[in-house]
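A.B. asks: Pasting a structure here, questions to come.
The values are calculated or read from the model by the stated rules, or taken from the named source; none is laboratory data. These figures come from a predicted structure and were not determined experimentally. Using ideal geometry, Cβ is built from the backbone for each residue, glycine included, and neighbour counts are taken over all protein chains shown. Accessible surface is based on the protein model in full, side chains and every heavy atom, while ligands, DNA and RNA are left aside. Shrake-Rupley method; radii C 1.70, N 1.55, O 1.52, S 1.80 Å.
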Amino acid sequence: MAGYRPNLCIAILLALLSAIPSRALEWKWNHPSPTGNDLIGIFALDSSNAVAVSEFGEVLASGDLGRTWQAGGPGIGAPNLVAVHALDRNTMLASGREGRLWKTKDGGRTWVLKSSTGIPDYLSLCMLDGAAGLAVGASGTVARTEDGGETWTRVRSDSSGPDLLDVACGEGGSALAVGDSGILLKSRDGGKSWRSIAHPGKEVLAGARLSGGRGLAVGNRGTVLQSSDSGETWSVRMLDSNAFFRGAALGPKGSITVTGYEGAIWQSSDDGAVWKKGESGTTAFLSCAADAGMGVKLVAGSRGMLLGSQDGGGTWSIRRRGGDVDFYGLAPVAAGKWLAFGGKGLVASTLDAGNTWTEWTYPGAADLFAASFRDEKNGILVGRKGTILMTRTGGSDWTQAESGVEGRWLDGAAWCDSNTAIIVGDSATILRTIDGGKAWTPVRGIAGLRDQALSAVRFLNRDEGVIAGYTGLILRTSDKGLTWDSIPPLTHHPLYTLTFANALLGMAAGEAGTVLKTNDGGKSWTSMGTGEPGDNLFGALMLSPDTAIVVGERFHEPIVRFTLDGGKSWTRSANIGYGLLFSLSQVEPGKLAAVGEFGTILTSLVEFENGNAKVRAVQADRRAGFRADRLGALPFIQVGYTAPLTGDVSITAFSADGKRLAVLFRGKAIAGVPQKKLVSLAAGRGTLFLRLRVTDDKGGAWEAAARLSPR
């Protein structure tokens, strides 16, 4: 990833957002597979079939005792799932943030929003039978359904009470709810009424199970509570004072499994009389567990981690492993052959267009940031500590070249011809080879070049090339990199990436939503920025005069934006995970790949018509907008908005440093209908930023923001 630094100064100012439909590009996980997102629920439907779900709505299915897992539905982008309960392989209920409760009847391919109260967050749910179920959440809230999740009624809430983190349904209408401050509630009438149960534990309780009169509650500092009378009385066992337990499973014949942070798995085969710590083989957070019977146990957790045991927990094997090391770039080598590279010298290669990957680490290599292949055999790979690796076998093996700049970061590389190549890096580093990479010499004497970091380099033909760097620097050469001319800067922000669709049409992108466009091979540039000062753009692709895509981060969350009108407007694609994205490549005709944190490799398809790229999307109504004005010294503001969709509205206040202060307003929006509201504001006198969010019952969302000056 060209130009990225771990200590990168993150721009934190919000600015007016353009309309953002929540679903645009569709992405597929290629690595880790089938997902790199955190798994929040796992359900053993019987001794052979199981379902696991991520908090982004991905549904994974196994029909072979958890040995293999496949993505059961597109799902990516489902908003803020926190807990899921499966009735069968097709019918599932899900709870989430802002009082949301969903249902799917097609295995997770589509989710229908059944409840959206704004508050509270619903953190867990369970079903008493096929019709009656419970959901619990913040402020001691309990909601109940009697029609299989079609409608929900709130039966309990305590605005000053502790949050409920998990709920367990048992037989005969019995249920348990646990949460912060060690709260433990019990119901005997299917959740209609609740009473507090005293117990000897003192810690937060985060997981609960209830089956056949056996009760189990687990939580902080290794707390395990057990009951043999359906939760009326409890005993406590402190297994590990440093552990945080979240997952819990009750199996037949006294079998118990408890999971948590740092790969913790504890088990008992005699209803808790004796406990044994298992060897999980991972340090991932194992958030959920299931006992399928017949000795089969399944565990899931962070970054797509999936484990299984076939001998009742005696031994565990990792079925799917999440990524631990970041990828900073990906280079296409030949048809179906790609090379991803990243932290700690990690390299992953595929020969089948991303379906399977082989990983290896170059001995002693530092972080690897950029690569360039001149053909299917010859390539360059560069990175931290002045690392230059050369291959003449298409990446099968590599040799290290002397850079002469061992203390510097090398961030970009590009071939001019079969013998000439350029490498760029920090401290104004430009290295040049004329013998195919055997020897590298520095290029000096460039006017206007001081000590800026150089982030990316691209060659348009054998002679002409462009470099982008910090302080908005752009350099251009017409003699294979022997000399470079400085182009008058349009921005002082760092530029992290360069992309060219052809020898004339190109784009540079970087900090604060900066996007520059050239139509003459880099001789002159115009601004086509995203209009989002909070964006830091690390990867970009120019696909046609009108179509471009950028990836990066915004307030430490990943972003993907694209334009269909040459940069006049930008659309944000739905989040597909929490990991930041560092690079974007066109790896095959019509196929894009993005790489990023935690070993993330994603692919997406783009259609082409008559040589022009198209991205499937629904653009927002041009009339959409949001503004806010103070009313003098009064503690009120006047807000006005026109949303492109019908749904629930929330307006949230943030401080100038990005801290969330308060939710100021919740209400309804009607697509295309202007709304004006008088909102009480007691959040502060200084500069504030307001975020408006509208969500509909199909999972769509639109966001906008406004700045309030100090009064």
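A.B. asks: Residues that are of a type in the set (D, E, K, R), more than 17 Å from GLY133 (Cβ to Cβ) and touching a Gly at 6+ places or on another chain (Cβ under 6 Å): does region 203-220 have at least one?
C.D. replies: yes
Each row is one residue, and each column tells you yes or no for (1) buried (at least 24 other Cβ atoms within 10 Å of the Cβ); (2) under 17 Å from VAL51 (Cα atoms).
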| position | (1), (2) |
| --- | --- |
| LEU225 | yes, no |
| LEU239 | no, no |
| ALA273 | no, no |
| GLY278 | no, no |
| SER302 | no, yes |
| GLY312 | no, no |
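A.B. asks: If you don't mind, another one. What's the number of the only condition in (1) modelled with pLDDT under 90; (2) out of contact with any Asp or Glu (no Cβ under 9 Å at 6 or more places or on another chain); (3) in a loop (DSSP other than H, G, I, E, B) that HIS85 fails to meet?
C.D. replies: Every condition holds for HIS85 apart from (3).
A.B. asks: I would also like to ask the following. Output the residue which, of all residues in region 474-483 that are within 19 Å of MET507 (Cα to Cα) and either in contact with a strand residue (DSSP E or B) (Cβ under 7 Å, 6 or more places away or on another chain) or basic (Lys, Arg) (or both), is most open to solvent (accessible area, probe 1.4 Å).
C.D. replies: Out of the qualifying residues, it is ARG476.
So that you can scan it fast, the table gives a plain yes or no per residue for (1) among the basic types (Lys, Arg); (2) part of a strand (DSSP E or B):
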residue	(1), (2)
ALA509	no, yes
GLY521	no, no
SER524	no, no
THR530	no, no
ALA540	no, yes
VAL550	no, yes
ARG561	yes, yes
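A.B. asks: Write out, first by first residue and then by second, each pair whose Cβ atoms fall under 7 Å of each other, whose residues are 6+ apart or on separate chains, and whose first residue, in region 139-154, is open to solvent by 10 Å² or more (accessible area, probe 1.4 Å) while the second is polar (S, T, N, Q) and part of a loop (DSSP other than H, G, I, E, B).
C.D. replies: Once the first residue is open to solvent by 10 Å² or more (accessible area, probe 1.4 Å) and sits in region 139-154, its partners that are polar (S, T, N, Q) and part of a loop (DSSP other than H, G, I, E, B) give SER139/SER157; SER139/SER159; ARG154/THR141.
A.B. asks: Give the number of residues within region 613-644 that are more than 30 Å from LYS591 (Cβ to Cβ) and either surrounded by fewer than 18 Cβ atoms within 10 Å (Cβ to Cβ) or modelled with pLDDT of 70 or more (or both).
C.D. replies: Result for region 613-644: 21.
A.B. asks: Could you grab me the full set of residues in region 203-222 that are open to solvent by 20 Å² or more (accessible area, probe 1.4 Å), touching a Ser or Thr at 6+ places or on another chain (Cβ under 8 Å) and either farther than 13 Å from GLY170 by Cα or among the hydrophobic types (A, V, I, L, M, F, W, C) (or both)?
C.D. replies: GLU203, VAL204, ARG221 - these are the residues of region 203-222 that are open to solvent by 20 Å² or more (accessible area, probe 1.4 Å), touching a Ser or Thr at 6+ places or on another chain (Cβ under 8 Å) and either farther than 13 Å from GLY170 by Cα or among the hydrophobic types (A, V, I, L, M, F, W, C) (or both).
A.B. asks: For region 376-402, which positions are more than 22 Å from ALA453 (Cα to Cα), in contact (Cβ under 8 Å) with a residue 24 or more places away in the chain and open to solvent by less than 80 Å² (accessible area, probe 1.4 Å)?
C.D. replies: Of everything in region 376-402, those that are more than 22 Å from ALA453 (Cα to Cα), in contact (Cβ under 8 Å) with a residue 24 or more places away in the chain and open to solvent by less than 80 Å² (accessible area, probe 1.4 Å) turn out to be ASN378, GLY379, MET390, GLY394, GLY395, TRP398.
A.B. asks: Here's another thing I want to ask about it. Just give me the residues in region 550-565 being open to solvent by less than 20 Å² (accessible area, probe 1.4 Å) and more than 16 Å from the chain's Cα centre (by Cα), in sequence order.
C.D. replies: Passing the criteria: PHE562, THR563.
A.B. asks: Given (1) without any contact (Cβ under 8 Å) to a residue 40 or more places away in the chain; (2) outside any loop (DSSP other than H, G, I, E, B), identify the lone condition not met by ALA273.
C.D. replies: Evaluating ALA273 over (1) without any contact (Cβ under 8 Å) to a residue 40 or more places away in the chain; (2) outside any loop (DSSP other than H, G, I, E, B) leaves (2) as the failure.
A.B. asks: What number goes with the only condition from (1) buried (at least 21 other Cβ atoms within 10 Å of the Cβ); (2) modelled with pLDDT under 95; (3) not polar (S, T, N, Q) that ALA414 does not pass?
C.D. replies: ALA414 satisfies every listed condition except (2).
A.B. asks: Inspect all residues belonging to region 62-69 and state whether any of them is under 24 Å from ASN220 (Cβ atoms) and small (Gly, Ala, Ser).
C.D. replies: no
A.B. asks: Here is a follow-up. Name, by its number, the condition in (1) under 21 Å from ASP38 (Cα atoms); (2) assigned to a loop (DSSP other than H, G, I, E, B) that does not hold for ARG303.
C.D. replies: Here ARG303 clears every test but (2).
A.B. asks: Does any residue in region 313-340 that is within 25 Å of THR257 (Cα to Cα) come within less than 7 Å, Cβ to Cβ, of a residue that is open to solvent by 50 Å² or more (accessible area, probe 1.4 Å) and small (Gly, Ala, Ser) six or more places away or on a different chain, and which pairs are these?
C.D. replies: Close Cβ pairs (under 7 Å, with a partner that is open to solvent by 50 Å² or more (accessible area, probe 1.4 Å) and small (Gly, Ala, Ser)) amount to TRP316/GLY281; ILE318/GLY281.
A.B. asks: Right, next: Output the residues belonging to region 317-360 that are among the hydroxyl-bearing types (Ser, Thr, Tyr), in a strand (DSSP E or B) and over 25 Å from THR497 (Cα atoms).
C.D. replies: SER317, THR358, listed by residue number.
Residue by residue, here is whether (1) hydrophobic (A, V, I, L, M, F, W, C); (2) out of contact with any His (no Cβ under 6 Å at 6 or more places or on another chain); (3) surrounded by fewer than 22 Cβ atoms within 10 Å (Cβ to Cβ); (4) closer than 22 Å to ASP411 by Cα holds:
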position: SER486; (1), (2), (3), (4): no, yes, yes, yes
position: LEU495; (1), (2), (3), (4): yes, yes, no, yes
position: ALA509; (1), (2), (3), (4): yes, yes, no, yes
position: SER524; (1), (2), (3), (4): no, yes, yes, no
position: SER527; (1), (2), (3), (4): no, yes, yes, no
position: ASP535; (1), (2), (3), (4): no, yes, no, yes
position: GLY539; (1), (2), (3), (4): no, yes, no, yes
position: ALA548; (1), (2), (3), (4): yes, yes, no, no
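A.B. asks: Another one. I'd like to verify a number: residues in region 69-81 that are buried (at least 20 other Cβ atoms within 10 Å of the Cβ) and modelled with pLDDT of 75 or more, how many?
C.D. replies: 1
A.B. asks: So, in region 392-425, how many residues would count as being of a type in the set (Val, Ile, Thr) and part of a loop (DSSP other than H, G, I, E, B)?
C.D. replies: The qualifying residues number 3.
A.B. asks: Could you check region 130-170 and list, in sequence order, the residues that are among the acidic types (Asp, Glu) and either in contact with a strand residue (DSSP E or B) (Cβ under 8 Å, 6 or more places away or on another chain) or within 15 Å of LEU93 (Cβ to Cβ) (or both)?
C.D. replies: Passing the criteria: GLU146, ASP147, GLU150, ASP163, ASP166.
A.B. asks: Which of the numbered conditions does GLY191 fail, given that it passes all the others? Conditions: (1) more than 15 Å from ALA94 (Cα to Cα); (2) open to solvent by 10 Å² or more (accessible area, probe 1.4 Å); (3) of a type outside the set (Val, Ile, Thr).
C.D. replies: If we test GLY191 against (1) more than 15 Å from ALA94 (Cα to Cα); (2) open to solvent by 10 Å² or more (accessible area, probe 1.4 Å); (3) of a type outside the set (Val, Ile, Thr), just (2) comes out false.
A.B. asks: Counting only residues that are assigned to a loop (DSSP other than H, G, I, E, B) and open to solvent by 40 Å² or more (accessible area, probe 1.4 Å), which one in region 659-677 is modelled with the highest pLDDT?
C.D. replies: Top of the filtered list is ILE670.
A.B. asks: Something else now. Those residues that are among the hydrophobic types (A, V, I, L, M, F, W, C) and not in a strand (DSSP E or B), I need them from region 453-486; list them, please.
C.D. replies: The answer is ALA453, LEU460, LEU473, LEU482, TRP484.
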